[in-house]
């Protein structure tokens with residue numbers, strides 16, 4: 001996905017500022033404070049539920065065994081905290097009813113954004129050391 005295929009906070013701020021007829025600077029402050037409030041809640045409570053949008057939650061991944069891809073040696077990976085997101089009903093419904101997934105449609109048209117044909121998987125290259 002290229003930068004043109006995604007939206008930034010700046011794009012969202014511009015759209016909201018136009019919609020509610022506020023200066024972009026003031027709108028940016030509101031948007032940033034909203035993000036900060038979500039983060040603060042996650043750090044303090046570990047969960048925030050935004051009705052009709054979704055639920056952000058802090059979960060701890062279990063420790064696991066992995067392999068060093070370079071040497072193949074087993075490696076112990078400790079537990080770590082991650083943020084999960086479960087979409088709300090309204091979001092689920094709207095996404096489910098999409099006829100075409102925007103970035104997938106561009107990839108099918110041969111505009112994968114990474115210079116490669118999206119239909120062709122990249123060949124795997126085995127590196128020897």
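Observations, loosely collected:
- Restricting attention to segment 52-62, the residues being more than 21 Å from residue 9 (Cα to Cα) and either in contact with a helix residue (DSSP H, G or I) (Cβ under 7 Å, 6 or more places away or on another chain) or not in a strand (DSSP E or B) (or both) number 2.
- Candidates 43, 39, 19 - the one that is surrounded by 13 or more Cβ atoms within 10 Å (Cβ to Cβ), without any contact (Cβ under 8 Å) to a residue 60 or more places away in the chain and out of contact with any helix residue (DSSP H, G or I) (no Cβ under 8 Å at 6 or more places or on another chain): 39
- Of the residues contained in segment 63-82, none is found to be modelled with pLDDT of 95 or more, within 24 Å of residue 9 (Cα to Cα) and touching a helix residue (DSSP H, G or I) at 6+ places or on another chain (Cβ under 9 Å).
- Test: residue 34 is closer than 19 Å to residue 84 by Cα and either out of contact with any strand residue (DSSP E or B) (no Cβ under 8 Å at 6 or more places or on another chain) or outside the structural domain of residue 103 (by TED's automatic domain parsing) (or both): yes
- Test: residue in segment 22-30 that is surrounded by 12 or more Cβ atoms within 10 Å (Cβ to Cβ), under 25 Å from residue 102 (Cα atoms) and either touching a helix residue (DSSP H, G or I) at 6+ places or on another chain (Cβ under 6 Å) or modelled with pLDDT under 95 (or both): no
- Taken over segment 47-81, residues that are under 26 Å from residue 95 (Cα atoms) and touching a strand residue (DSSP E or B) at 6+ places or on another chain (Cβ under 6 Å) amount to 9.
The values are calculated or read from the model by the stated rules, or taken from the named source; none is laboratory data. It should be emphasised that the depicted structure is a prediction, and the values quoted were computed from it without experimental measurement. Cβ coordinates were reconstructed from backbone atoms using ideal geometry, including for glycine residues, and neighbour counts include every protein chain displayed.
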